[in-house]
Each structure stands twice: as C-alpha cells, then as structure tokens.
Amino acid sequence: MTAAPLEAGPAAAWQEGFAALAAADPTLVELARRQHTARRTRLNLVAAAGPTLSEVVAAQALGFGSVTAEGYPGRRYHPGAEQVDEVERLAVRRAEDLFGAQGANVQPLSGSAANLAVLSGLLKPGEPVLSLELSHGGHLSHVSGRANLSRWVESAHYHLTAAGEPDEDELLSLVREVRPRLLICGGSACPRKIDFAVFRRAADEAGALLMADISHISGLVAAGAHASPMPYCDVVSTSTYKQLCGPRGGLLLCGRRSPVTRAMLDRAVFPGLQGTPDFGAIAAKAVALRFAAGPVFAEAMHRATRYAGVLADALAASGVALVGGGTDTHLILADLRGAAATGAQVEDALRACGVLVNKNLVPDDPRQAGETSGIRLGTNELAFRAVTDDQVAAFAAELAEVVARLRDGESPRECQAARRLTATAEGLAAEGFVAGFSG
Ligand SMILES: Cc1ncc(COP(=O)(O)O)c(C=O)c1O
C-alpha cells in the first residue's frame, strides 16, 4: 500500500488539535510539558515500565481510536470499519509472526483484561486456578490477593524457592490436590527465568490448561533473550507497554499445538468481556510489534539482561540481599527484610536522586504492601539509553552504595553517596536514546 503524506490528512488534524488544546486547556498542556521534561531528567528503573516509541504515540493519534466497531475484521456489528479491519489484521499478523503463535487477539484493553478474558472465557464456574503467590512475585489478575475475582474463582498458590525457581515438589503436590483447570506461570516480580517445561509437566498431571503471563518479559521472549513459552503453553498473555515499547494494552496468543484456538480466545475477549476495542491502541500495537521484530529492539533486550546483571552484581557486592540470588532477566528484587529502611523509604530517597524504582513485597514479607521490605528495579529504559557499559557500571556501583547506606539507616539528607548518584543519574537521563529508537 503506498501512503500519501501524513501532512495532508491526520498530521494537519493533530496540529489543529494541539493548537486548540493549548488555547482551551493550558493547565493540562502545562502538565504534559512537565511530564515530557521529567522523562529527560529522571532515570526510570521501574521494572514494569518501559520507554514508549514515539511512532507508537503518533500512531495512537492517527484517528483510529474514534471508530466504534464491535466484533472482528469482516464480522463487525457496526458499519465503517474497513480501515480498522486492516489495522487489526496487520497487528494480529505481526503478533503471530513475532512470537511464533498460531493465533493472536490484539483487542484486550490491558494485561489484566487479557487475563480476565482467559479466566472468564475458558473456565467454567467453580473450576480452580493455581498461580504464583502474590508476595512471591505473582499478580492480582492471577486470582490473587484482593482482586475482585478472588471472591468468585477458587484459587491456590505455589511458591518460589530461595533460588527463585518454583518448588517443583510443592507444585506437583498442589496440582494433584487442587486439580486446577488452569495453571498460570509468570508474574510481576520474578527475577529468574521461567522454565516452561516444568510447568507443562505439572499442568499435564491434572490435565490443566497452562497459561504464561509474560507481561514482564515479552520483549526478552521476542528478542530471544528468554526462552519462548509457545511450545509449552496453551495461552500466553502480555501487556504491551512494559517491555514492548507499545501502548497501554494487552495481547493474547495461542500456544503451538494447543487445544485453545484463536476462535476460543476471540470469543473470550468479545463478546465475553469487552465491547469496542481501542483501535488507536491496536494501530500502536502494530507499530510496536513491527519495531520489536527488528535489530535495534533485539540488541536493547540483550543489553537489558546484561545491565540487570551489572546492577545485581553491584548490589550483591555492597551486601544487599537479592531475591533469587540475582537475575536472568531485566528485573532485580532487593530484599530489605530486617533493614532499618522500608522499601517505601528507599523508593522515596532514590526518587529524590532522580532514580525511579518501586517498593515491592518480597517473599514472606513481614511488612504491608504500602511499606514493603523490597525494592524492584528494571532495566527496560536504561537498555535504550545511549550510554556505555562503563557508565552503567559506575552508575550501578553508586546506586548500590546508596541502597546499602539507606538500608543501614543512614539519613538520605546526610548521604554523600546520594549526592553523587543524583549527578550521575541526571547525566545518564540527559544522554537520550540509542540510534534507531525515538523515545
Ligand atoms: C504479570 C503481570 N500481569 C499483568 C499485569 C497487568 O497489566 P496491566 O497493567 O496492563 O493491566 C501486570 C502489571 O504490572 C503484571 O505484572
């Protein structure tokens, strides 16, 4: 398909729209300006976050988001969907190609919605679910904790060993006891790689379906920096904004040789759970999936795991304990149990240094979720910054020193190391992004 210049159509509309917005709502525009500046003055090490490709942001503004059309390409419940049908087909094809899936659904409005569609669409009422315990790195949308679904769906939870792997004996005995209809692997604070074959064996014990939630590692999987769940899992879910540089949204994929077909996933999403999808987000997912198939993205994902290793080694060298003993991914979880400072206090002190990390529960955390005994760090954004390995190593050493001092009760105000870190983080944040990535 040949394209006429954007200036003739959507781009002219953006310019008019921005000009009208600036005149009509200066308060909002000022907040947007500050948000934009913050991205260039702070280093974001929140493991659940990642940089958004600027083409993704632009794709969301192309106007597809205003189309109302429930259903699927060629089978809509509203007229006028000719263009968005093609947009959705493109996104589906790119998702299937990128992950080697036998089917994809690109409509979920978020990762949580993708999981909810699977739970509500593939399970009968009363059928149990087995998933990772929340404080061991699971996620609310896996029928854990205070998620609404926990009131309606039976669930049991397995745990990770000190090495950050599932306790296989416990997993097998729970599978035999609970007889889950769905076993879920993956989570939100798992630094170690996932061995999908272990979960397949466990699922087969009970004839359960196996779902991998790869929200945190979908970029690593796409780039081959983490094994693919496709040969082992029936369904794979992910959000698209954490590690795929995409828009807020979710994605569902059918595993290879799975009894779960694309038609089943489609029905689970619509009419099972959602109405009209966000076609602006679907267009943006198509853009992100195309980028994720290229070399700039793949190199960044390999850097993400390498930098995470550098950060983990620096923390360990400073005497900071790590959940799982280290990392195989982009994610590190520092264990501050028994420390003078809580995860929340360390998060605050690092934010004041221009480094964003988040407080996180650690296994068997004695503190509540609002305080926690852990901090979770990730390298999704750092991997796209135009920085050298030496810069990352120096930054890691300084960050580790600050974390160790805060852990031991040093006041952030008196911490000389925090001042050094502030200057270093500012320098790194100002570096901009690697060639080929417009963030
Ligand atoms: C493992 C996992 N699954 C799902 C989600 C939810 O994704 P979303 O924020 O897109 O609903 C998260 C969020 O952090 C997550 O960590």
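Summarise the accessible area of the chain (1.4 Å probe, protein heavy atoms) by the percent that is carbon and sulfur. Before the final figure, lay out the partial values.
Details: 9980 of 18820 Å².
It is 53 percent, rounded to a whole number.
Expressed as a whole percent, how much of the Cα-Cα distance distribution for the range 167-271 exceeds 19 Å?
Within the range 167-271, distances greater than 19 Å cover 45 percent of Cα pairs.
Order these peptides, 363-369, 4-10, by their mean beta-carbon neighbour count within 10 angstrom, highest first. Walk me through the intermediate numbers first.
Details: 363-369: 15.0, 4-10: 10.6.
Order by mean packing, descending: 363-369, 4-10.
Please give me the summed charge of the neighbours of Glu401: other residues whose Cβ is under 13 Å from its Cβ, Lys and Arg +1, Asp and Glu -1. Show your work: numbers first, answer last.
Numbers: positive: Arg405, Arg407, Arg419, Arg420; negative: Glu398, Asp408, Glu410.
Within the 13 Å Cβ shell, the charges total +1.
Percent of Cα-Cα pairs more than 21 Å apart in the range 295-429, please. Intermediate results must be reported in sequence, preceding the final value.
Working: 3222 of 9045 pairs.
So the pairs more than 21 Å apart make up 36 percent of the total in the range 295-429.
Once you have a ≥ b ≥ c as the square roots of the Cα gyration tensor eigenvalues for the range 235-285, tell me rounded if a/c is under 1.5, and otherwise prolate or oblate according to whether a/b is larger than b/c.
Details: a/c = 2.74, a/b = 1.32, b/c = 2.07.
Because a/c hits 1.5 or more and a/b fails to exceed b/c, the range 235-285 counts as oblate.
Counting only heavy atoms of protein chains, what accessible area per residue, in Å², does the range 175-255 have with a probe of 1.4 Å? Don't skip to the end; give the middle numbers.
On the way: 2110 Å² over 81 residues.
Using a 1.4 Å probe on heavy atoms only, each residue of the range 175-255 averages 26 Å².
In straight Cα distance, which aspartates and glutamates are under 16 Å from Lys359, not counting same-chain residues fewer than 8 positions off?
Lys359 reaches Asp335, Glu347, Asp348, Glu371.
Hey, what's the Cα Rg ratio for the range 64-292 versus the globular rule of thumb, 2.2 N^0.38 Å? Walk me through the intermediate numbers first.
On the way: Rg = 16.9 Å, N = 229, 2.2 N^0.38 = 17.3 Å.
Relative to the rule-of-thumb radius for its length, the range 64-292 sits at 0.98.
Which links in Lys193/Lys285; Lys124/Lys242; Lys193/Lys242 stretch past 22 Å when you go from one Cα to the other? Spell out each step's value before the answer.
Details: Lys193/Lys285 25 Å; Lys124/Lys242 31 Å; Lys193/Lys242 17 Å.
Table pairs above 22 Å Cα-Cα are Lys193/Lys285; Lys124/Lys242.
Give the accessible surface of the range 295-429 per residue, rounded to a whole number of Å², with probe radius 1.4 Å and ligands, DNA and RNA excluded.
On the way: 5140 Å² over 135 residues.
Heavy-atom SASA per residue in the range 295-429 reads 38 Å².
Please label the shape of the chain as rounded, prolate or oblate, based on the square roots a ≥ b ≥ c of the eigenvalues of the alpha-carbon gyration tensor (a/c under 1.5 means rounded; beyond that, a/b larger than b/c means prolate, else oblate). Intermediate values should be presented prior to the final figure.
Values: a/c = 1.85, a/b = 1.09, b/c = 1.70.
In terms of gyration-tensor shape, oblate.
Over 18 Å, how big is the tail of the calculated P(r) for the range 379-439, in percent of all Cα pairs?
Counting every Cα pair in the range 379-439, those more than 18 Å apart make up 40 percent.
Ranking request for peptides 126-137, 321-332: highest mean number of other beta-carbon atoms within 10 Å first, then the rest in descending order. Intermediate results must be reported in sequence, preceding the final value.
Numbers: 126-137: 21.6, 321-332: 23.5.
Packing proxy ranking, top to bottom: 321-332, 126-137.
The values are calculated or read from the model by the stated rules, or taken from the named source; none is laboratory data. Computed from a prediction, not measured in an experiment: that's the story for all the values here. Glycine gets a Cβ as well: all are built from the backbone with ideal geometry, and neighbour counts include every protein chain shown. SASA here: full protein model, heavy atoms, side chains in, ligands and nucleic acids out. Shrake-Rupley method; radii C 1.70, N 1.55, O 1.52, S 1.80 Å.
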